[in-house]
Structure formats: structure tokens, C-alpha cells
1. Quote the relative contact order of segment A:52-102 in percent (integer), defining contacts as alpha-carbon pairs under 8 Å separated by 6+ residues.
2. Sticking with the crude label model, points 7 Å out along Cα→Cβ, report the distance from residue B:80 to residue A:39 in nm, one decimal please.
3. If I histogram all Cα-Cα distances within segment B:1-76 using bins 10 Å wide from 0, what percent of pairs lands in each bin?
4. At a Förster distance of 30 Å, what's the computed FRET efficiency of residue B:67 paired with residue A:78, Cβ-Cβ distance as r, to 0.05?
5. Please give the per residue volume of the convex hull enclosing the alpha carbon atoms of chain A, rounded to a whole number of Å³.
6. Averaged across orientations, what area in nm² does the convex hull of the alpha carbons in segment A:1-45 project?
7. Averaged over peptide B:49-59, how many Cβ atoms belonging to another chain are found within 10 Å of each residue's Cβ?
8. So if R0 is 35 Å, what FRET efficiency would residue A:10 and residue B:112 give, r being the distance between their Cβ atoms, rounded to the nearest 0.05?
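Just so it is clear, none of the values below were taken in a lab; they were calculated from the coordinates. Everything numeric in this text was worked out from a predicted model, so none of it was measured. Positions of Cβ are generated from backbone atoms using ideal geometry, with glycine treated the same way; all protein chains shown enter the neighbour counts.
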């Protein structure tokens, strides 16, 4: 039973445009959500997070939106750059539990 | 560079064998987490140690075991290996015990079972 789902295995976007990566979850007890970015041959690195008491969090070109009623979150990257090409993992946790990750979405930003 | 080191980077072995993966956390981090990433799978949490003690357990097979030593490095032991154990194994570390602390990941060990 996958509690965190990233239904798009891949996404292609042109440089300068917006990238939108989506994540759905089933566990309504999740109260904290994170996005990790992973380049080939490297481990995932933390990108941005959001608490369930918020519906938006911004950090530079990256914004995460949370829709609790729909159990959906999205990561927006504006403008997209070729260096953003990577696999993006959505993760969630309840209370002090460990993280539950999705399968990841591979983003390709072309010049 | 996250500060988390993992050795070896690559490991090729045969079915039925046993291997040990090693992880050194960031300086000052007391928690170590192990994850498995198989083909088409996300990061599956295996086990967490905090300051030498097991703190949380995830989808870890009985053939797998781990420990954290007094110097805080950790080892993941995989035995009676099967083809399906071929995967990337990541170690992560964080300062405290909570699974919600920001975790810093190592570069991973790619295990191939032939």
C-alpha cells in the first residue's frame, strides 16, 4: 500500500518555463511534507518542506503547495533551468515517525 | 557533499552470499537511517539507529540486519542474497532521533546480485 504516490514517472519542460511536480498521499495523519532532489550517482538532497498548517511555502524559484482536502501537494519550479534536471522525491511523515517516500519523478529541462 | 560517507560504492556478488555495507554519518549526527531503492521503487525505509540503539524499523527483511557502533558508524548486513536484493542502498543521518529531522544522504552503495 503506497501512502505517497508520484504518478508521473517523468516530466519534460523547456528552460525558462514552469515545472510542476505532483504528489498525492493517502494517510490523512501526515503532517509534514518534504521534497528531495537526486542527481545521478548522488544521494537525495533536501529541497523544500511544508507543514500541514500551511498551504504554501516558497524558497527562491521553488514553491510547494499543499491541498489537504485533496491530499495533494505540488512543487513548482519557476523558471526551470537545465541544472534542475534530476529525480524529485516527495516524502511525508506523521508526528515523529520516519519518512515515507514516493517513487520519484524524473524532471528533464531542455535548453 | 553531504558529509555522509558510504562504502563501497559498488558491490557485485552472487546469490546466497553475505555482504556488509558501511556508513559514516555527518559529524555530530546521532541518527542513522538505511534505505533501499530498487528499480522503479521509491526509497524504502529499512531501519533507523540512534546513538547505538535501534529506534525504528521499516520494511527490513529478516535476512538483513544492521548495527550502529560506539563511534556512530553503521553497518548494514545482507545475507542469503537473492537476485531481488539488487538495489541502491542509501544511508542518511540526522542530528536527533525524530524521523522528521532533515536527513542528509550518502551517495549510496549499488549492490548487484548475480
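1. Numbers: 49 pairs, mean separation 10.6, N = 51.
After rounding, I find 21 percent.
2. Modelled inter-label distance: 4.1 nm.
3. The distribution over segment B:1-76 is 17, 50, 30, 3, given as percents.
4. Details: r = 45 Å, r/R0 = 1.50.
Once the sixth-power term is evaluated, E becomes 0.10.
5. On the way: hull volume 11.0 nm³, N = 111.
In chain A, the Cα convex hull volume per residue is 99 Å³.
6. Values: hull surface 18.9 nm².
Result: 4.7 nm².
7. 1
8. Working: r = 24 Å, r/R0 = 0.69.
My answer for the efficiency is 0.90.
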